[in-house]
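Remarks on the structure that follows.
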Amino acid sequence: ERPEVAMPTVVKRDGGRADFDAAKLRGSMMLALRKRPVSIEQVDAALERIQEKLLAGSLREVPSTRLGELVMRELKRIDKVAYVRFASVYRSFEDVDEFRQLIRDI
């Protein structure tokens with residue numbers, strides 16, 4: 001019998017800790033993907049890849065910033081508009097130049 005593999009605890013920017021919540025992650029991805037031509041299957045596959053990466057790291061804790069980077073990588077792969085939406089909120093750009101640079105990068 002295989003032991004249950006636990007997802008790492010998420011360490012927030014303020015130092016607080018929370019259990020990994022796939023539903024919350026899905027919600028933030030769905031918000032970025034609102035009215036975009038992306039299937040639920042694509043979202044599920046992206047979530048699966050994120051969780052696999054977290055488990056493969058074998059860490060007990062993961063910084064929320066790392067989780068955000070994983071989400072951005074997946075969104076960039078499946079929908080550039082959703083990627084920009086998520087990144088603009090996640091990174092809370094200080095100025096227009098930072099935002100321009102993100103657009104240029106994709």
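Look at Val71 and say whether it is within 14 Å of the chain's Cα centre (by Cα), in contact (Cβ under 8 Å) with a residue 12 or more places away in the chain and either more than 21 Å from Leu102 (Cβ to Cβ) or loosely packed, with under 11 Cβ neighbours inside 10 Å (or both).
Working: within 14 Å of the chain's Cα centre (by Cα): yes; in contact (Cβ under 8 Å) with a residue 12 or more places away in the chain: yes; either more than 21 Å from Leu102 (Cβ to Cβ) or loosely packed, with under 11 Cβ neighbours inside 10 Å (or both): no.
So Val71 fails the test.
Here is the figure for the range 39-60: residues that are touching a residue at least 12 places away in the same chain (Cβ under 8 Å), within 20 Å of Pro8 (Cβ to Cβ) and assigned to a helix (DSSP H, G or I) total 8.
A quick yes/no check of all residues on (1) of a type outside the set (A, V, I, L, M); (2) surrounded by 15 or more Cβ atoms within 10 Å (Cβ to Cβ); (3) more than 12 Å from the chain's Cα centre (by Cα); (4) closer than 13 Å to Met7 by Cβ:
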{"position": "Ala32", "(1), (2), (3), (4)": "no, yes, no, no"}
{"position": "Pro37", "(1), (2), (3), (4)": "yes, no, yes, no"}
{"position": "Gln42", "(1), (2), (3), (4)": "yes, yes, yes, no"}
{"position": "Glu48", "(1), (2), (3), (4)": "yes, no, no, yes"}
{"position": "Leu67", "(1), (2), (3), (4)": "no, yes, no, yes"}
{"position": "Ala82", "(1), (2), (3), (4)": "no, yes, no, no"}
{"position": "Ala87", "(1), (2), (3), (4)": "no, yes, no, no"}
{"position": "Ile106", "(1), (2), (3), (4)": "no, no, yes, no"}
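Within the range 18-30, if we keep just the residues that are open to solvent by 30 Å² or more (accessible area, probe 1.4 Å) and in contact (Cβ under 8 Å) with a residue 12 or more places away in the chain, the residue that is nearest to Arg91 (Cα to Cα) turns out to be Ser28. Go through the range 63-92 and give me each residue that's at pLDDT 90 or above and either touching an Asp or Glu at 6+ places or on another chain (Cβ under 8 Å) or part of a loop (DSSP other than H, G, I, E, B) (or both). Scanning the range 63-92 gives a single hit, Asp79.
Can you find a residue in the range 11-24 that is basic (Lys, Arg), farther than 12 Å from Glu74 by Cα and outside any loop (DSSP other than H, G, I, E, B)? Yes, because at least one residue in the range 11-24 is basic (Lys, Arg), farther than 12 Å from Glu74 by Cα and outside any loop (DSSP other than H, G, I, E, B). Apart from one condition, Arg2 fits all of (1) at pLDDT below 95; (2) surrounded by 11 or more Cβ atoms within 10 Å (Cβ to Cβ); the exception is (2).
The values are calculated or read from the model by the stated rules, or taken from the named source; none is laboratory data. Just so you know, these numbers come straight off a predicted model, no measurement behind them. Glycine also receives a Cβ, built like all others from the backbone with ideal geometry; neighbour counts cover every protein chain displayed. Ligands, DNA and RNA are stripped out before the accessible areas are found, and what is left, the full protein with its side chains, is counted by its heavy atoms. Shrake-Rupley method; radii C 1.70, N 1.55, O 1.52, S 1.80 Å.
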